[in-house]
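Report on one structure; see the data block that follows.
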Amino acid sequence: MKVGILAVQGDFEAHGATLDRIGAEYVFVRTPSDMQGVDAVILPGGESTTQWKFLVEEGLDKTLLAHATRGGAIFGTCAGAILLAREVCNPAQPSLALADITVIRNGYGRQLASEVRHEATTLSPAPIEMVFIRAPIIERTGPAVEILATSGGKPVLMRQGQILIATFHPELTDDTTVHQYFLRNVAETDLPRAEGAKAHTASRSVSVEPR
């Protein structure tokens, strides 16, 4: 398994450090060719309009849509959640529209406060640490969206098929539960490999037991 991390701006290196801790192979993605052989993709936090502009200019928006069409997994955190949403409001912006959710981006003071919370999830018996940094708010989820955690009465962790979304930053904590959940879902799904991928044996094993 190889994970691609969109490396435009934001906290992509922190996602890489988290994957290092659990022994997962990854590559930073800046061009469509970087997606060759990638089984799953992480869209990190940062500034969503900057990231979207980069995706379109490099043609990565089409590459990511093709990846999703093949059944490839995508994990979006904070700004990544905005990029995956079907509808983005206050202010509106284009997106990949892969998840049936409506996101309030950052307008009119509607963001979640920047703070650290500990919330229950369906992923583990114990609450997990959640770092919110000017987080978007999920206003609506479609019937196919499974809510895995809430905070302040709003969904903050959810899944739709092979799409995982968090409005917080799991990569900024020592808890690898969310990343391991994402990788476990990828590992348990028999999907065709990306175009141009070569068969390979990972040099490191991936633990999938939540911490």
Item checked: Hits in region 30-58 (condition: without any contact (Cβ under 8 Å) to a residue 40 or more places away in the chain, open to solvent by 20 Å² or more (accessible area, probe 1.4 Å) and within 16 Å of residue 4 (Cβ to Cβ)) -> 30, 31, 32, 33, 34, 46, 58
Margin query: Can you find, within region 1-20, the residue that is surrounded by the fewest Cβ atoms within 10 Å (Cβ to Cβ) among those that are without any contact (Cβ under 8 Å) to a residue 60 or more places away in the chain and part of a loop (DSSP other than H, G, I, E, B)?
Written below: 9
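Listed here are the residues, each with its yes/no results for (1) in contact with a His (Cβ under 8 Å, 6 or more places away or on another chain); (2) of a type in the set (Gly, Ala, Ser); (3) modelled with pLDDT of 95 or more.
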{"residue": "92", "(1), (2), (3)": "no, yes, no"}
{"residue": "102", "(1), (2), (3)": "no, no, yes"}
{"residue": "105", "(1), (2), (3)": "no, no, no"}
{"residue": "125", "(1), (2), (3)": "no, no, yes"}
{"residue": "146", "(1), (2), (3)": "no, no, yes"}
{"residue": "159", "(1), (2), (3)": "no, no, yes"}
{"residue": "166", "(1), (2), (3)": "no, yes, yes"}
{"residue": "183", "(1), (2), (3)": "no, no, yes"}
Next item on the list: Please find, among 119, 195, 171, 115, the residue that is surrounded by fewer than 21 Cβ atoms within 10 Å (Cβ to Cβ), charged (D, E, K, R) and at pLDDT 95 or above.
Entry: 119
Next item on the list: Output the residue which, of all residues in region 21-36 that are in contact with a strand residue (DSSP E or B) (Cβ under 8 Å, 6 or more places away or on another chain) and not in a loop (DSSP other than H, G, I, E, B), is farthest from residue 178 (Cα to Cα).
Entry: 34
Note to self: Any residue that is basic (Lys, Arg), under 18 Å from residue 106 (Cα atoms) and open to solvent by 50 Å² or more (accessible area, probe 1.4 Å) - is there at least one of those in region 21-29?
What the structure shows: no
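The values are calculated or read from the model by the stated rules, or taken from the named source; none is laboratory data. The shown structure was predicted, so the numbers you read here are calculated from the model rather than taken from an experiment. A quick note on method: Cβ atoms are made from the backbone with ideal geometry, for glycine too, and the neighbour counts reach across all protein chains shown. With ligands, DNA and RNA removed, areas are computed over all heavy atoms of the protein, side chains included. Shrake-Rupley method; radii C 1.70, N 1.55, O 1.52, S 1.80 Å.
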